[in-house]
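Heads up: the structure comes next, in structure tokens.
The values are calculated or read from the model by the stated rules, or taken from the named source; none is laboratory data. In this text, all values refer to a predicted model and were calculated from it rather than measured experimentally. For neighbour counting, all protein chains shown are included, and Cβ atoms are generated from backbone atoms with ideal geometry for every residue, glycine included.
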Amino acid sequence: MSREIALRDALNEAMTEEMRRDELVFLMGEEVAEYNGAYKVSKGMLDEFGAKRVIDTPIAELGFAGIGVGAAMNGLRPIVEFMTWNFAILAFDQIVNNAAKTLSQSAGNFKCPIVFRGPSGAAGQLAQQHSQTFESWMANVPGLKVISCIDPADAKGLLKSAIRDDDPICMMESEMLYGYKGLVPEGEYLTPIGVAAVRREGTDVTIVSFNKMMLTALEAADELAKEGISAEVIDLRTIRPLDHETLVKSVKKTNRLVVVDESWPFAGVSAEIAYEIQKYAFDYLDAPVTRVNAADTSLPYAPTLVEAYMPNPAKVIKAVKEVMYLNA
Amino acid sequence: MDTVVEQKKKTTRSRKSSKPTYSKEMYLNWYEMMFRIRKFEERALLMYGQQKVRGFCHVYIGQEAVAAGIEAAITPEDAIVTAYRQHGTAIGRGLSTNACMAELFGKVTGAVKGKGGSMHFFSADHRYFGGNGIVGAQIPIGTGIGFAEKYKGTDKLCVTMFGDGAARQGALYESFNMAMNWKLPVLYICENNGYAMGTSVERTSNVTDLYKVGHAFDMPSEAIDGMSPESVYEGVKKAVEHIRSGKGPYFLEIRTYRYKGHSVSDPARYRTKEEVQEYKDRDPVKMTESKILKDKIATAEEIAAIKDMIKKEIDAAVKFAEESPYPDPADLFEDNYTQADYPFIVD
């Protein structure tokens, strides 16, 4: 049995179920407890688990991320919420220099089972500092795993897997899609980390994306279908490790690939995918891999500039027609 | 909050000669630990000169009393985390000189299998959380280690050590605030050796009594002399009692000195010979030896036996390191993930 619930509630269920299951799991971050979460992801959790396990922090990302790392090294399983990943930049030292490297530099003496989670990506007219996309930054770092998913059912299953995982994990959500609803199964289930999902089967072109750009990709696929173009749409769900097998399999069928990625283009997720595909499916490609990224600029405030910056279905459709040599 | 003990900037040089306050065992343990660290470090420098040890290498010579005093005042179940000048702290914790020397050599028999080198020894068995290379980053980590002890309801604490340079990192202020707010069992220790690399405390800090930083958080804070194990032991013991009683963290500024430069590549031209000599006159190894002999705590023969044992131990550690193999290249992929079948990119 499934019921339709919002992404925020699916994430809430994931944390709540795991905290009931394991006393060592706790949640800390800004506004997670008494305010019920800046985006209400942790609503009701303080009431159920108390202030020992649902902890409001001061605005001190570096400090509380580091406290999480130390707690994880000493046997706990912290969930550290960042109000957005933009603020997590202050904590990158702890994520990159410590969480990611604990196992290696201690040669296995200490592990760091921690989940850093929060929204990534632009969320309307929030201007330069509140609109960045962090999957490619974090995925560059060996030692970390990076999940980015807005499908409520999968996001729940992935977050539960992340909390149980003994490696440090960065989970990227979406401010704009916390209210996005989907069918979520009742009862206990886990979604595996590192496995992409084919959301829509097709034969003419593969469109791969993740996080809220999945909705852009699916909308483009709907439009393309009206023109008789059959697009296969793949949701990466996990950025690191990247499930290139699912991509290669799809490209061997469709012979064309468009990557839709809100990251900046330089050395972004799309660049890595393009490399993987030319390496492992070169002989199957009928056109160069094409990508639709955010613009190679900071994101300004004005609506016209946001529109120009962001990927959208029209840009995806244009890219698909390019790889199909259908543009006039 | 406890009364903060104000101390003169320069701790007094003359120590009263009196009957020993502590047992013979305590003094001999201190002496042995400090002598072991001293000889280990001297040999590490020699091996660096012979290019057996590479990378960065920061030695603890001059600061030995800090490790000795702390260890006497805490238990093996308490945790320690520190910065990159850490050979002495690790040896104080009980890591073997074999494992430490082999680590400097980058050998697979090293404390962390040749993966960490001079800055990164770790040992879960010794509750030693490293050897951290980013200045001040271990301060929140130590706070989190203490957080976990409180969460689990133990009476253990985490000794969180850092240098005077780290005392001006934002991570310290964030950690002090949360540790006091949540009354975490953390003993913060600033080993103030006067210099952040080549820059003196006076040149980077408007307030040079670093322990006063704790006052902004109402954290009990004081400065103690770091050139004698007795002084360090007494200061740490008092702090530990406070923390174990559930009152939250404590901050000690331990005033010490490094005789060598910041790292092996630093000739330390930013300070005078007279200043270095002033501290060498109060050398913790020599002062402890002379106290032991003067107060007849132990005989010259007993001291000679310790020296002989340590020298043999360090010789053996070098031999062990020399003869141990380097890690296999395939070990590169070990311990990056706990997941056994993690799909690394291997183009």
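Show the residue pairs meeting these rules: Cβ distance below 6 Å; 6+ apart or different chains; first residue within the range A:138-151 and at positive phi and assigned to a loop (DSSP other than H, G, I, E, B); second residue at pLDDT 95 or above and charged (D, E, K, R).
Short answer, once both residue conditions are applied: A:G143/A:K101.
Filter the range B:141-159 for residues that are out of contact with any Pro (no Cβ under 6 Å at 6 or more places or on another chain) and not in a helix (DSSP H, G or I); which is nearest to the other protein chains (Cβ to nearest Cβ)?
B:C158
Quick one: count up the residues across the range B:19-72 that are farther than 17 Å from B:G117 by Cβ, out of contact with any strand residue (DSSP E or B) (no Cβ under 7 Å at 6 or more places or on another chain) and not in a helix (DSSP H, G or I).
7
Considering each of A:G118, A:G143 in turn, give the residue that is within 14 Å of chain B (Cβ to nearest Cβ) and within 25 Å of A:L24 (Cα to Cα).
A:G143
Looking only at the range B:169-184, which residues are crowded, with 20+ Cβ neighbours inside 10 Å, farther than 10 Å from B:I139 by Cβ and at the interface with chain A (Cβ under 7 Å from one of its Cβ atoms)?
B:M178
Of the residues A:E31, A:E18, only one is away from chain B (no Cβ under 13 Å), of a type outside the set (S, T, N, Q), touching a residue at least 40 places away in the same chain (Cβ under 8 Å) and over 16 Å from A:L159 (Cα atoms); which?
Details: A:E18 fails: over 16 Å from A:L159 (Cα atoms).
Answer to the selection: A:E31.
Under the condition of being buried (at least 24 other Cβ atoms within 10 Å of the Cβ) and in contact with a Leu (Cβ under 9 Å, 6 or more places away or on another chain), which residue from the range B:124-140 is nearest to the other protein chains (Cβ to nearest Cβ)? Working first, answer last.
So in the range B:124-140, the residues buried (at least 24 other Cβ atoms within 10 Å of the Cβ) come out as B:128-132, B:138-140.
Narrowing the set further to residues that are in contact with a Leu (Cβ under 9 Å, 6 or more places away or on another chain) leaves B:128, B:139-140.
Values: B:Y128: 8, B:I139: 7, B:P140: 2 Å.
Applying the filter and picking the extreme gives B:P140.
With B:G144, B:G165, B:G117 as the choices, which residue is crowded, with 21+ Cβ neighbours inside 10 Å, touching a residue at least 40 places away in the same chain (Cβ under 8 Å) and not acidic (D, E)? Give the derivation first.
Numbers: B:G144 fails: touching a residue at least 40 places away in the same chain (Cβ under 8 Å); B:G165 fails: touching a residue at least 40 places away in the same chain (Cβ under 8 Å).
From the options B:G144, B:G165, B:G117, the qualifying one is B:G117.
Out of all the residues in the range A:1-10, is one or more hydroxyl-bearing (S, T, Y) and outside any strand (DSSP E or B)?
Of the residues in the range A:1-10, the ones hydroxyl-bearing (S, T, Y) are A:2.
With outside any strand (DSSP E or B) added as a condition, the list becomes none.
No, the range A:1-10 has no match at all.
Within the range A:243-262, restricting attention to residues that are in a loop (DSSP other than H, G, I, E, B) and touching a residue at least 60 places away in the same chain (Cβ under 8 Å), which residue is nearest to A:K318 (Cα to Cα)? Quick ask: steps written out before the conclusion?
First, pick out the residues of the range A:243-262 that are in a loop (DSSP other than H, G, I, E, B): A:243, A:255-256, A:262.
With the extra rule that they be touching a residue at least 60 places away in the same chain (Cβ under 8 Å), the set shrinks to A:256, A:262.
On the way: A:R256: 14, A:E262: 16 Å.
Checked the range A:243-262; the qualifying residue nearest to A:K318 (Cα to Cα) is A:R256.
Are any of the residues in the range A:173-184 part of a strand (DSSP E or B) and closer than 25 Å to A:N97 by Cβ?
Quick first cut of the range A:173-184, residues part of a strand (DSSP E or B) only: A:173, A:181-184.
In the following step, the residues that additionally are closer than 25 Å to A:N97 by Cβ were identified as A:173.
Checked the range A:173-184: at least one residue is part of a strand (DSSP E or B) and closer than 25 Å to A:N97 by Cβ.
Which of (1) surrounded by 13 or more Cβ atoms within 10 Å (Cβ to Cβ); (2) part of a helix (DSSP H, G or I); (3) more than 14 Å from chain A (Cβ to nearest Cβ) is the odd one out, the single condition B:A304 does not satisfy?
Exception for B:A304: condition (1).
The rows are residues; the columns are (1) under 24 Å from the mean Cα position of the chain (by Cα); (2) under 23 Å from A:N140 (Cβ atoms); (3) part of a helix (DSSP H, G or I).
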residue	(1), (2), (3)
A:I239	yes, yes, no
A:I273	yes, yes, yes
A:D283	no, no, yes
A:L299	yes, yes, no
A:E307	yes, no, yes
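Kindly provide the set of residues from the range A:190-214 that are touching a Pro at 6+ places or on another chain (Cβ under 9 Å) and either within 14 Å of chain B (Cβ to nearest Cβ) or surrounded by fewer than 22 Cβ atoms within 10 Å (Cβ to Cβ) (or both), ordered by number.
A:I193, A:G194
List the pairs whose first member sits in the range A:48-65 and is under 16 Å from B:I139 (Cβ atoms), whose second member is hydroxyl-bearing (S, T, Y), and whose Cβ atoms are under 6 Å apart, counting only residues at least 6 apart or on separate chains?
Between residues of the range A:48-65 that are under 16 Å from B:I139 (Cβ atoms) and residues that are hydroxyl-bearing (S, T, Y), the close pairs are A:G63/B:S175; A:F64/A:T57.
Can you spot a residue in the range B:191-208 that is closer than 24 Å to A:I59 by Cβ and either polar (S, T, N, Q) or in contact (Cβ under 8 Å) with a residue 60 or more places away in the chain (or both)?
No, the range B:191-208 contains no residue that is closer than 24 Å to A:I59 by Cβ and either polar (S, T, N, Q) or in contact (Cβ under 8 Å) with a residue 60 or more places away in the chain (or both).
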